[in-house]
Amino acid sequence: MNAILHSDFEAGAAVAATLADLLLRLETGPSAEARTATDRLGDLAVDFRLADEKPGQGLSSWQRRKVIRDIEENLGGTLRVAELAKGVGLCESHFGREFKTSFGMTPYAYVISRRLALARTLMSTTDLPLSEIALAVGLNDQPHLCTLFRQAFGATPGRWRAARSTNNAMSADLRVGHLH
């Protein structure tokens, strides 16, 4: 199973045969035999992952899930493309190309979009100062947040928050019948 299988039929048949053999060993063999079978199952899983990776077609499903999880878990900190690439077993340049194919944007642009989305959520749901929100979403400072936010949404975070606050107050007044 060391070679990558390219045909779905070939891969399916090989996997089925190997699994049947390994399961039989696990059921009937001594503990050393069971350990060998378990190791072989791990190798088979790696082979199957490699078969899922096709250059130029974007990241595989497990790679996309891992990258998204890593980004979401570290939005407030430093994220390096090299570390994301290493986490899914790719070199940085190959990762960048495959990421863009999968997500339609560079890793940097994706991280910024996620940070801005989190900033909007924090601005909508908390009274935190913009300087604290900037740091909480992994940006250097408030001016950096303001620049990126204005580029993405056409308004500064302060104006966006104020407009949102005004709309929420009007909605609350309508619900309790204060406006005529």
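Number of residues in the stretch 148-166 that are among the small types (Gly, Ala, Ser) and part of a loop (DSSP other than H, G, I, E, B) equals 2.
Candidates are the residues of the stretch 90-127 that are touching a helix residue (DSSP H, G or I) at 6+ places or on another chain (Cβ under 7 Å) and of a type in the set (D, E, K, R); the one that is nearest to Ser165 (Cα to Cα) is Arg114. For the stretch 86-107, a residue qualifies if it is among the small types (Gly, Ala, Ser) and closer than 14 Å to Trp62 by Cα, and the qualifying residues are Gly87, Gly89, Ser102. Here is the figure for the stretch 69-97: residues that are under 20 Å from Ala117 (Cβ atoms) and buried (at least 16 other Cβ atoms within 10 Å of the Cβ) total 5.
Considering only the stretch 127-147, state which residues are among the aliphatic types (A, V, I, L, M), in a helix (DSSP H, G or I) and surrounded by fewer than 19 Cβ atoms within 10 Å (Cβ to Cβ). Selection gives Leu135, Ala136. List pairs: first residue in the stretch 78-92 and in the same structural domain as Val67 (by TED's automatic domain parsing) and charged (D, E, K, R), second residue surrounded by 12 or more Cβ atoms within 10 Å (Cβ to Cβ) and assigned to a helix (DSSP H, G or I) anywhere in the structure, Cβ distance under 7 angstrom, at least six positions apart or on different chains. From the stretch 78-92, the pairs are Glu92/Val81; Glu92/Ala85.
Here's the yes/no breakdown for (1) touching an Asp or Glu at 6+ places or on another chain (Cβ under 8 Å); (2) not β-branched (Val, Ile, Thr):
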position: Trp62; (1), (2): yes, yes
position: Ile68; (1), (2): no, no
position: Ile71; (1), (2): no, no
position: Asn74; (1), (2): no, yes
position: Gly77; (1), (2): no, yes
position: Ala85; (1), (2): yes, yes
position: Glu92; (1), (2): no, yes
position: Gly96; (1), (2): no, yes
position: Phe99; (1), (2): no, yes
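The values are calculated or read from the model by the stated rules, or taken from the named source; none is laboratory data. Worth saying up front: this structure is predicted, and the values here are computed from it rather than measured. As a convention, Cβ positions derive from the backbone with ideal geometry for all residues, glycine included, and neighbour counts pool all protein chains shown.
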